[in-house]
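Some notes on the structure that comes next.
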Amino acid sequence: MSTYNFKELEKKWSPFWEELNLYKTGDDPEKSNFYCLDYFPYPSGAGLSVGHCRNYIPTDVICRKKKMDGHNVLHPMGWDAFGQPAEEYAIKTGMHPAEVTRINTENYKRQMKLFEAGYDWSREINSSHPDYYRWTQYFFLLLFDRGLAYQSDNYQMYCPSCKIVLSNEESAGGVCWRCNGEVVKKKLPQWYFKITDYADRLLDELDDLDWPENIKAMQRNWIGRSHGAEVVFSVDTEKNGTIDLPVYTTRIDTIFGATFCVLAPEHPELLNIVTDQYRDDVERYIKTSSSKTDLQRLVASEKEKTGIFTGAWAVNPFNGEKIPVWTADYVLSGYGTAAIMAVPAHDERDHAFAKKYGLSVVEVVAPGGVAQGVEDAATVADGELINSGQFTGLSSVDSRKVMADYAVQNGFGKAETRYRIRDWLVSRQRYWGAPIPIVHCDKCGAVPDRNLPVVLPDVESYEPDDSGRSPLAAQEAWVNTSCPRCGAPAKRETSTMAGFACSSWYFLRFVSPHFSEAPFDPEEVKKWLPVDLYVGGAEHAVMHLIYARFWTKVMYDAGMLDFTEPFTSLKNQGMLISYDHQKMSKSKGNVITPDDMVVKYGADALRLYIVFMGPFEAEIEWSEEGLAGTYRFVKRVWNLFLETAEPEDAEIDEAFDRELRYELARTVKKVTEDIDGFQFNTGVAAMMEFLNFLSVNRGKASSAKGTWRKVQKDFLAVLAPVAPFVSEELWHVLGFPGETVHTEPWPQWSSQDLVKNSVEIVVQIKGKIRDRISVPAGASKQQIEEIALGRDKIKEYLNGAVPRRVIVVPGRLVNIIG
RNA sequence: GCCGGAGUGGCGGAAUGGCAGACGCGACGGACUCAAAAUCCGUUGCCCUUCGGGGUGUGAGGGUUCAAGUCCCUCCUCCGGUACCA
């Protein structure tokens, strides 16, 4: 009997499967289609760690099983290849980013093959290739043509350390998503996609998706729809007449408690309403707050809010009262109207501000009809309106509608829905991205260049400068062109698109990666999309996943697709923590690579361990001892199967044969359900349990010869998706039919085999286990009760007492209540 | 603060309201060996035990139920996200 040698098996079967085209996408019209997709990886120079395996191995297992189940499977892989690290490397070394990318993608591919992730490499795509990005540019123009792409020179989030502008999503929390550094505001002309037009649909259509709740919650949070009202306060100014000051509020019911107004320091009317007496102070305040980053502002004002009176007074349209107008940086410029009515009695922030500056507090909502007193703290709860003129006595909830209607009737306000989400800033002043296909013409303005692709030219220097100019701006021969509309001399747009544009449609490209007439072949899209199963980490909840949903809806509106959601079912793998209890990272030097582990334990053991270590979604700490455990399992399978390969002829032991069939059926059922349900850990545990059973009973193999052989066959088949090498080798050694186990039909279990003659159940007295009895499988409740009460042990415990009640759960237990 | 998720042996973790701790790791004991590794067999929640067994136990406290890790209420801790969004 030969010893288990994973290196030999890997050397033998990997090329065999490649020769066989095992991973080629199926196209049998009789079969149903299954599209499984991994997140589009950015090929980093660091290569893959075992952490990445928690993404790629489970999807590979699912796909192998789906194939054996009789599906056509599409499981492609490609590269989100535009992006900063390659560019940074290029800046440092002068090597072309395309070359950097080529080296990195080859390494990724090599590593994926190490653990035998079965991708259809004939469909490999690369977002930095002109054949791909011409279609990214095409979608830019689709958005442009539909009025969903526009230029604006507002304040942007800018990361000084990455020297790059960021979208709102990429700078959540005031820090750069890539380097975690603090972002600053910078005024630069940029291109935006109007994702806010789709806010309602992005929010409402989340409900039916089979996605993790936390991801859906994050998106809902991010979109942040709020229903409220806009109310116009008016200000008589010294020199500029009467200025209307609309404020946004979700609590119009508290408007009789508004005792002052606050404008953001960036409010466009601020300098028009300020009185001469306060002008210097206000200008100084604006300067101070604009010198702070958002993060600094937040941290500072959490301790203590600051602000300054403008000298102006605004009229509350509901009661005609004049209230002072202040400016303070706790009011944000980017949300609502950048102006608020402050109700210190019923808003904590306004309360803190009013207390600091001695502004008055008027209580107008009484929860449960009882005024709570608002000197020390604001009352946020709803209740009955007091001190509110004609609205006094209404409930605060009802009055929101009533008072908004009143404002409409009197022409000073309206109901209004606002969103937290902002438009998607998509342009980057960087070299390594898809050029935005726009030409700027003095006469015609921004004109689409439909002669795609607009090819990224070669440059000498990849370095962006601090002025926010793209390296492309220096390429005069490229920049200077003629206007596609009027032919006059014109200049190309020199920004490129953020990488998230490329990944917003890549899932469509995979169905027809070489199609040259359009971004995708509509027939193939009909066959495969939407994606049945999408797997990746949770970090893209409000970036990639929201952008891709947005583009899909735009394509739907343009009549290109007949579905509105790209990813039917989404799963997030848990993080893998290194042995030092920290995230794996190159800088910490704690990265464990699949390369090392495959050399030491083989691909099968690594694959088994990755899915066995714990629940798929859970964060788990790496343990090489654990991997050694699955290695032992593979070896035990190897040894046992070879040892019992050809049992001698012997008399059949009916009882054992039956038991063996039962254990087989139980295992096949469990593994089938667990793989389908993404419960790989318990599925592997079931195989281990079964192996333990077989191992204990190996001596009886010959007394159940036929069944034993069926056990071997089915066991190898259900093991194959997780441990493809050892199962393939044993499949052939044991002489099972077919070219490869991986195209064999998935084993079925017989429910007949799961029926037992007798079952052991426990007998409890008042919930405590006192005895175990064996009863016929079909026994009635009454029969079971009789058997239980007839037991000596039970009689002893009852000591002649007549049970008050006996609960019988067939197949489980008897509970006697004394 | 708000939203989402989770608290079970020494560790990773299992348990349609029905025998808590499957499976694996680690540890301990034994076999094999000159020895070690590998392998195999056994033990392994905690406490008590006359070795038959008995008690106790799933973050804390209540509740529902014949029966609760699982359902309900209150609270605590941890992880992830988000945070002057008016």
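The values are calculated or read from the model by the stated rules, or taken from the named source; none is laboratory data. For clarity, every value in this text was computed on a predicted model and none was experimentally measured. Please note: Cβ atoms are built from the backbone with ideal geometry, for glycine as well, and neighbour counts cover all protein chains shown. Note: areas computed on protein heavy atoms with side chains; ligands, DNA, RNA excluded. Shrake-Rupley method; radii C 1.70, N 1.55, O 1.52, S 1.80 Å.
Before moving on, here are some points about what is shown:
- The convex hull of the Cα atoms of chain A, projected and averaged over all directions, covers 47.7 nm².
- Net length gained if the chain between residue A:458 and residue A:304 were fully extended (0.36 nm per residue, minus Cα distance): 50.2 nm
- Taking GluC sites (Glu not before Pro) in DSSP loop states with no more than 16 other Cβ atoms inside 10 Å as exposed sites, chain A has its longest site-free stretch at A:518-616.
- Taking the Cα centre of chain A as reference, the dipole from Cβ charges on Lys and Arg (+1) and Asp and Glu (-1) amounts to some 1080 debye.
- Residues listed by number, segment A:51-80, amide nitrogen under 14 Å from residue A:30 label point at 7 Å toward C-beta: A:70-72
- Residue A:222 exposes around 30 Å² of accessible area when a 1.4 Å probe is run over every protein chain in place.
- Values of log10 I(q)/I(0) for segment A:706-818 across q = 0.12, 0.16, 0.17, 0.20 Å⁻¹ run -0.60, -0.71, -0.75, -0.93, by the Debye formula with one identical scatterer at each alpha carbon and no solvent.
- Around the Cα centre of segment A:1-96, unit charges on the Cβ atoms of Lys, Arg, Asp and Glu (plus for the first two, minus for the last two) sum to a dipole of about 300 debye.
- By accessible area, using a 1.4 Å probe on protein heavy atoms only, segment A:200-327 has 49% of its surface on carbon and sulfur.
- Residue A:450-residue A:733 pseudo-label distance in nm [points 7 Å out on the Cα-to-Cβ vector]: 6.5
- For segment A:14-155, the solvent-accessible area of protein heavy atoms averages 38 Å² per residue (probe radius 1.4 Å; ligands and nucleic acids excluded).
- Applying 1/(1 + (r/R0)^6) with r as the Cβ-Cβ distance of residue A:7 and residue A:563 and R0 = 35 angstrom yields a FRET efficiency of 0.15.
- Kirkwood analysis of segment A:77-172, using all unique Cα-Cα pairs, places the hydrodynamic radius at 16.3 Å.
- Which of A:241, A:121, A:212, positive extreme of dipole for segment A:121-247 (C-beta unit charges): A:121
- Calculated diffusion of segment A:588-688, Stokes-Einstein form, Kirkwood radius summed over Cα pairs, 10 °C and 1.306 mPa s, µm²/s: 100
- Hydrodynamic radius of segment A:485-530 per Kirkwood, over alpha carbon pairs, in Å: 13.2
- Accessible area, probe 1.4 Å, largest first, for residues A:276, A:350: A:276, A:350
- Using a probe radius of 1.4 angstrom, the carbon and sulfur fraction of the accessible surface of segment A:1-44 is 48%.
- Within the shell defined by Cβ-Cβ distances under 11 Å, the residues around residue A:109 carry a net charge of +1, with Lys and Arg each +1 and Asp and Glu each -1.
- Estimated from the Cβ-Cβ distance and a Förster radius of 22 angstrom, the FRET efficiency linking residue A:414 and residue A:356 is about 0.10.
- Computed [θ] at 222 nm, helices only, for chain A once each DSSP H run of length n ≥ 4 contributes -39500 (n - 2.57): -11500 deg cm²/dmol
- Cα-projected label distance for residue A:477 with residue A:238, points at 7 Å along beta-carbon direction, nm: 6.1
- Under 18 Å from the residue A:179 label point (7 Å along Cα→beta-carbon), backbone N, segment A:90-105: A:90-94
- Residue A:515-residue A:795 FRET efficiency (beta carbon distance; Förster radius 51 Å; 0.05 resolution): 0.05
- Share of carbon and sulfur in the accessible area of segment A:665-818 stands at 48%, probe radius 1.4 Å.
- Computed over segment A:12-130, the range of Cα coordinates on each principal axis works out to 53, 31, 25 Å, biggest value leading.
- Paramagnetic reach from residue A:279 in segment A:308-329 [backbone N under 17 Å; point 7 Å along Cα→Cβ]: A:309-313
- Among the trypsin sites (Lys or Arg not before Pro) in segment A:209-257, those located in a DSSP loop and surrounded by at most 16 other Cβ atoms within 10 Å of their own Cβ are A:225, A:239.
- Computed over all pairs of different Cα atoms, the Kirkwood value for the hydrodynamic radius of segment A:394-435 is 14.2 Å.
- Using a simple spin-label model with pseudo-atoms 7 Å out from Cα toward Cβ, residue A:220 and residue A:596 lie 4.3 nm apart.
- Extension gain from residue A:586 to residue A:768, taking 0.36 nm per residue of separation minus the Cα-Cα distance: 60.0 nm
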